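Right, one structure below, let's go through it.
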Amino acid sequence: MVRGLIAEALELPPDVIGDGDRLLGDLHLNSLRVVQLAAEAAERTRRAVPAAPPLFAEATVGAFVQAIEELPAAEGETGSQGPPEGVREWHRVLVEFTRPVEVDAEPASCTWRVFGGGRLRALVEPRLTALPEQDARPAVVAFLPEDPDDRAIDALLEAAHLAVDTGAPFTVVDSGDTASGFAGTIAAEYPSLPVRWIRALEAAPADAIGALLAASWQGHAEIVVDEDGRIGTPAYRAAGPAQTGRAPDAAPPLSAGDVLVVTGGGKGIGFASASFLARRWGVRLGLIGRSGPDGDAELRDNLARLREAGVEFCYQPADVTDPESLHRGVAAIVDRLGPVRGVIHASGLNRPARFGEIGAAWAEHAAPKHHGLRALLGAVDAGACGCSSPSAP
């Protein structure tokens with residue numbers, strides 16, 4: 001049954017999927033889809049849905065099947081009053097804090113290739129490019145400004161490709177919070193490559209960054225340097241009412257009849273989120289996607305499900321990377337349903353590929369998330385929507 005579920009997701013015959021095929025590397029499933037398949041497989045086989053997302057980054061089909069078979073049997077029937085048992089525990093608001101960390105005091109002699117720009121590069125690069133020792137090994141560092149443009153991202157990608165191709169240790173010095181996920185992806189796909197992501201908070205001293213870059217390290221590290229030069233590693237804890245500003249029994253942030261705009265809302269996780277909130281809170285849905293229902297059977301079926309459930313919605317085909325197209329789509333939703341009170345940005349390009357395979361298509365993958373979100377907030381904030389400011393539930 002589990003193998004059949006994977007075959008169904010890939011639209012392939014089950015007999016062409018081998019036990020040794022890797023879910024991500026060979027079958028090109030993305031990590032979110034694998035987690036969804038794990039939950040669905042557990043439900044179909046009457047196993048307990050795992051209380052934390054399983055780690056299947058390098059798992060084979062055989063290992064995935066075995067992991068599902070080893071889950072404990074489910075207790076009772078899954079009701080319709082909420083998510084399956086275990087899911088609620090790993091859906092929560094998290095608060096970041098910094099945990100102190102010791103840095104290797106032994107300096108590493110490196111010949112640095114430096115990419116990117118910004119204030120910190122100008123201050124730190126001179127100490128990196130001083131005459132290295134004779135046995136210095138190559139290393140790569142990319143500096144990112146707080147709000148990087150496309151040129152800065154191109155420099156980041158060039159640096160990462162050089163590190164991956166040569167096996168040189170790779171560091172990103174990030175003046176914002178742009179590249180933690182990117183660095184983590186490189187570390188996951190190339191586990192033997194030393195990868196560091198250093199977030200330098202505003203006014204972090206250049207001497208502290210330089211000393212940190214000079215220190216040796218192994219594996220994947222995430223480090224934060226504050227304005228006083230203190231070094232820590234980011235960690236997370238569940239937020240209480242004091243951090244979220246909401247009491248446990250507080251009313252939902254959106255009320256029945258409010259308009260929620262969801263990009264990527266016709267299919268996948270965008271549709272699932274929109275449909276759930278429409279049923280739970282009674283919101284009206286402004287759904288935006290690139291395809292039209294006439295040529296997309298999955299989209300057509302999803303919209304039919306909303307009609308059958310009595311959900312009031314308006315679907316508008318629009319490209320989130322085209323501000324004019326998106327503005328027209330949002331304006332049409334406002335004309336039909338009224339002012340926008342919340343947004344969910346779920347648009348994305350779902351063509352999974354490893355970093356070494358994606359090449360120049362990286363910008364195409366990133367555009368819906370980065371440029372698309374800016375275009376969406378611009379459309380909502382432009383005044384054509386009749387709302388004072390965007391909000392996100």
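Here is how the numbers come out for the structure above:
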| read-out | value |
| --- | --- |
| Scan of region 149-169 for residues that are over 22 Å from residue 220 (Cα atoms) and touching a strand residue (DSSP E or B) at 6+ places or on another chain (Cβ under 8 Å), ordered by number | 152 |
| From 354, 300, residue being modelled with pLDDT of 90 or more and not assigned by TED's automatic domain parsing to the domain that holds residue 164 | 300 |
| Leading residue by the ranking (farthest from the chain's Cα centre (by Cα)) among those in region 9-28 that are more than 17 Å from residue 352 (Cα to Cα) and loosely packed, with under 15 Cβ neighbours inside 10 Å | 15 |
| Unique match (being of a type outside the set (A, V, I, L, M), over 22 Å from residue 220 (Cα atoms), part of a helix (DSSP H, G or I) and modelled with pLDDT under 75) among 77, 133, 89 | 89 |
| Residue list for region 259-286, filter: within 14 Å of residue 312 (Cα to Cα) and among the β-branched types (Val, Ile, Thr) | 259, 261, 262, 283 |
| Residue satisfying all of: in region 285-330; over 26 Å from the mean Cα position of the chain (by Cα) and outside any helix (DSSP H, G or I); surrounded by the most Cβ atoms within 10 Å (Cβ to Cβ) among these | 313 |
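The values are calculated or read from the model by the stated rules, or taken from the named source; none is laboratory data. Values in this document were obtained by computation on a predicted structure and should not be read as measured data. Cβ coordinates were reconstructed from backbone atoms using ideal geometry, including for glycine residues, and neighbour counts include every protein chain displayed.
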